[in-house]
Amino acid sequence: MENVNDLSNPPDTSFLSEQVAFVIKKIFENQKDFQTLVPPAASKNLVYEPEENNDWTASFWIGQLFLAKELTKSHDFDVTIEKQLKSFANRLEKKIELETHDIGFLYSLSAVADYKINHTESSRQTALDAADLLMKRYSPKAKIIQAWGDLSDPEQNGRMIIDCLMNLPLLYFATNETGNPKYAEAAYQHALQTQKYIVRPNYTTYHTYYFDTQTGLAKYGKTQQGYSDDSCWARGQAWGIYGFTLSYLHTGDLSFLETAQHLADYFIAQLPEDKVCYWDLIFNDGSNEERDSSSAAIAVCGLLELAKQLPLTSKKRTEYENVALEIMKSLAENYSTKDTPQSNGLLLHGVYDKKSDKGVDECMSWGDYYYVEALTRLAQSWYMYW
Ligand code: GLY
C-alpha cells in the first residue's frame, strides 16, 4: 500500500519564496493605481482598470493588502488600507450596491479582517452593521439567504447559490461578538439547505437553487455561470469545498466536514494533467475550453483548511495537502504573471462567466486574492479572516 505519509519524498515547495516575494512586490506597486479605487472583477487584456468601490469583488484588493501586511510585517500597506476601510464604511452607510449576499465577502475581508488584525473598534461596528444588512436577505420560511437583487424581484426571489457559504462567516462573527444567536442560526440553516439541495447525490453541485419563500418549499436547481443546469461549475465546487469546511469550523457539525471531503474528492478526480481545473468540471484535457485558475486558487485554500481539520493520522489529510501543493506549484510555474510584466494581475487564465463572454481567459480579482491567501497559508501561520 502506498505510504502517503512518506516524508522521504516531500512535495516540492521551491516555488514558494519566489512567489511570495513576487506577489508582495506587485501588491506594493499596485497601490499607486488603487488607493481609494479598486480593481474590477476581471482584467481586460490582463490589465485591471481602477473603478469605484461598488461591485461584489471590491474587497479582494483590501484582502490582498492585509495579507501583504501580514507577510511583510511592515507598515508599507497601511495608508492604502486606511483609505479602503473608509471607502467600505462609506459604502455601507450609503448602501451603495449592497442588494447582494456578497456583503459577506465585502465586509469579511475589510472590516472583520481589520478588527482581527488591528482590533479597531469602528471596524467591529461596521462588520456588525453589515451583518444586520445581510440578515435582511434571510427568508425564515425557506431558511435561505437570497443571493442577488431586490427581495421582491420575481427573477431572484428565493434563489440561493453555493457561493454564499463564503458569506456566512460574517454572521458567525456577529453572533460571537454580540452574543445574539440569530445570525449564527440563520447561517446554520442556510448551510443545511445548501447541503440538502445544492449538493447532488454524486457530490457534484448546482450553482443555484430556487425556493418558494411563501411556502418554504424547495423548487429546482439552475445554473448561472456553469455550462448547464446539470453540469458542475468549477468555481461552485471550489466555493463548496472551502465553504462547507468553514461551516464545520463555525458550527462543529461534522456532516459539513464530510460534505466538504466528498466535494473535494470529486474536484480532485476531475483535475486535468496540469492540476488546474477547467471552468466547468464537465470539461477536461482535449476540450479546447479555458481553465479557471481562480477556482484552482480557491480550492487550494479550501483543501488546506480541510486538511487542517482532519486527524493527524488521516491519510486524507496528507492527500489534500499534497494535491493543494501540486495545484499551487502548477499555478506558480504556469499561471503566475511573473513573465507577463504588462499585467497588473497576479494569476493568468481565469474565467468569470464564459456564457456571457465576461472575463474569459483574464485575471480575476478573487483569483489573485485566493492565490495570495494560499501562499500565506503555505508560508506562515495565518489567522483566518473568514
Ligand atoms: N460569486 C460569483 C462568482 O464566483 O463568480
Test for PHE256: is it within 19 Å of TRP366 (Cα to Cα) and surrounded by 23 or more Cβ atoms within 10 Å (Cβ to Cβ): no
Residues satisfying the stated conditions in segment 256-308, i.e. of a type in the set (A, V, I, L, M), in contact with a strand residue (DSSP E or B) (Cβ under 8 Å, 6 or more places away or on another chain) and away from the ligand (no atom under 14 Å from the Cβ): LEU263, VAL276, LEU281
LEU246, sole failed condition from (1) of a type in the set (A, V, I, L, M); (2) in contact (Cβ under 8 Å) with a residue 40 or more places away in the chain; (3) farther than 12 Å from LEU168 by Cβ: (3)
Close pairs from segment 336-358: first closer than 22 Å to LYS32 by Cβ, partner part of a strand (DSSP E or B) and hydroxyl-bearing (Ser, Thr, Tyr), Cβ under 9 Å, at least 6 apart: LEU346/SER336; LEU347/SER336; LEU348/SER336
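Is it the case that some residue within segment 341-363 is small (Gly, Ala, Ser), closer than 23 Å to HIS250 by Cα and either part of a loop (DSSP other than H, G, I, E, B) or touching a Gly at 6+ places or on another chain (Cβ under 8 Å) (or both)?
No: zero hits.
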Residues that are more than 19 Å from PHE244 (Cβ to Cβ), among the aliphatic types (A, V, I, L, M) and in contact (Cβ under 8 Å) with a residue 60 or more places away in the chain, drawn from segment 264-288: VAL276
Given (1) assigned to a helix (DSSP H, G or I); (2) within 16 Å of the ligand (Cβ to nearest atom); (3) not aliphatic (A, V, I, L, M), index of the condition ARG377 fails: (2)
Residues (surrounded by fewer than 21 Cβ atoms within 10 Å (Cβ to Cβ) and not basic (Lys, Arg)) located in segment 64-80: GLU70, LEU71, THR72, SER74, HIS75, ASP76, ASP78, VAL79
Residue identified as away from the ligand (no atom under 16 Å from the Cβ), in contact (Cβ under 8 Å) with a residue 40 or more places away in the chain and touching a Leu at 6+ places or on another chain (Cβ under 8 Å) among LEU171, LEU128, LEU192, LEU165: LEU171
Scan of segment 329-365 for residues that are acidic (Asp, Glu) and within 16 Å of the ligand (Cβ to nearest atom), ordered by number: ASP353, ASP357, ASP361, GLU362
Qualifying residue in segment 46-63 (condition: of a type in the set (Asp, Glu), touching a residue at least 24 places away in the same chain (Cβ under 8 Å), closer than 26 Å to ALA379 by Cα and surrounded by fewer than 21 Cβ atoms within 10 Å (Cβ to Cβ)): no
Residue pairs meeting the criteria (Cβ under 9 Å; at least 6 apart or on separate chains; first within 30 Å of VAL351 (Cα to Cα), in segment 209-225; second assigned to a loop (DSSP other than H, G, I, E, B) and basic (Lys, Arg)): PHE211/LYS141; PHE211/LYS143; GLY221/ARG200; THR223/LYS355; GLN224/LYS355; GLN225/LYS354; GLN225/LYS355
Residue check for THR208: over 28 Å from HIS119 (Cβ atoms) and within 16 Å of the ligand (Cβ to nearest atom): yes
Given (1) in a helix (DSSP H, G or I); (2) closer than 25 Å to GLN64 by Cβ; (3) of a type in the set (A, V, I, L, M), index of the condition VAL276 fails: (1)
Hits in segment 212-226 (condition: within 14 Å of the ligand (Cβ to nearest atom) and out of contact with any Phe, Trp or Tyr (no Cβ under 7 Å at 6 or more places or on another chain)): GLN224
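Every read-out reported here was derived from the displayed coordinates using simple, explicitly stated rules and does not represent laboratory data. In this text the structure is predicted, and so the values were computed from the model without any measurement. Every residue, glycine as well, gets a Cβ built from its backbone with ideal geometry; the counts of neighbours run over all protein chains shown.
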